[in-house]
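Below: the structure, in structure tokens.
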Amino acid sequence: MSAAAPWRLFLAIWPTPGIADALNAWARTAQVECGGRVTLAANIHLTLAFLGDISPERVPRLADCVRRAGGSGHVLALQEARYWKHNRVVWAGPREIPAALAALAGALERELVAAGFATEVREFNAHVTLLRMARLPRSLPSLPSLPWQVNELVLVRSQLSSTGSSYAVLARFPLA
Ligand code: ATP
Ligand code: MG
């Protein structure tokens, strides 16, 4: 019997609809300045660990890693809006990564590596992509105050297509 086709997986935190809508509205105002494609409100997220192609049979093992990493709830303030030239993305992120978020990303990486996941681990860079294919902006509008209460981690499957990625949440992991 052949093995199941792999799934493209990542672990992320997902904002509430209120915060996602506010970020999407901000991105539409930024778009006036720099063009590009605005991330759909429902797709807005912050990736903590990218797994890439994983056999679905390994999902229970992956879930064990996430539970072992633990982690605590915290507030994430997105205060900085930036542009990355290399991939033409406009993103928002915290001025300083909350200690609880950095600890969670670090613990996840350790657990994933120990279990044989994540052969290529990119350095954690807390960012929320809000516009793709954007031009270099002269300036970006300031972000509204958005205290994002981080209460859980989600395991997501991404399916790529010519119209963009679609995401499906496979599991939720509450933070203490
Ligand atoms: P698109 O590829 O259509 O622009 P996307 O990048 O959001 O959409 P995926 O490529 O499936 O969709 O990526 C899912 C998430 O994982 C995104 O947050 C993306 O930034 C992140 N990601 C993708 N590849 C890597 C990687 N090699 N290392 C770290 N994070 C990654
Ligand atoms: Mg991608």
So which residues in the stretch 127-143 are assigned to a loop (DSSP other than H, G, I, E, B), away from ligand 1 (no atom under 11 Å from the Cβ) and within 18 Å of Pro15 (Cβ to Cβ)? Leu143
Subset of the stretch 111-131 (residues that are surrounded by 15 or more Cβ atoms within 10 Å (Cβ to Cβ) and farther than 30 Å from Cys34 by Cα): Glu111, Leu112, Phe117, Ala118
Yes or no: Thr16 more than 16 Å from ligand 1 (Cβ to nearest atom) and among the β-branched types (Val, Ile, Thr)? yes
Within the stretch 39-89, the residues that are surrounded by 19 or more Cβ atoms within 10 Å (Cβ to Cβ), small (Gly, Ala, Ser) and on the phi < 0 side of the Ramachandran plot are Ala49, Ala69, Ala81
Could you grab me the full set of residues in the stretch 160-174 that are within 14 Å of Pro6 (Cβ to Cβ) and near ligand 1 (Cβ under 8 Å from one of its atoms)? Leu160
When you scan the stretch 103-110, do you find a residue that is away from ligand 2 (no atom under 16 Å from the Cβ), open to solvent by 80 Å² or more (accessible area, probe 1.4 Å) and within 20 Å of Ala22 (Cβ to Cβ), even just one? no
Criterion: within 13 Å of the chain's Cα centre (by Cα) and surrounded by 19 or more Cβ atoms within 10 Å (Cβ to Cβ) - qualifying residue of Ala92, Ala134: Ala92
Looking at this structure, is Trp7 touching a residue at least 60 places away in the same chain (Cβ under 8 Å), in contact with a Leu (Cβ under 7 Å, 6 or more places away or on another chain), at negative phi and not charged (D, E, K, R)? no
Condition first: among the aliphatic types (A, V, I, L, M), part of a loop (DSSP other than H, G, I, E, B), within 16 Å of ligand 2 (Cβ to nearest atom) and loosely packed, with under 12 Cβ neighbours inside 10 Å. Can you find one or more residues in the stretch 154-166 that meet it? yes
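The values are calculated or read from the model by the stated rules, or taken from the named source; none is laboratory data. Bear in mind that the values here come from a model prediction, so they are computed numbers and not experimental data. Please note: Cβ atoms are built from the backbone with ideal geometry, for glycine as well, and neighbour counts cover all protein chains shown. Accessible surface areas use protein heavy atoms only, side chains included; no ligands, DNA or RNA. Shrake-Rupley method; radii C 1.70, N 1.55, O 1.52, S 1.80 Å.
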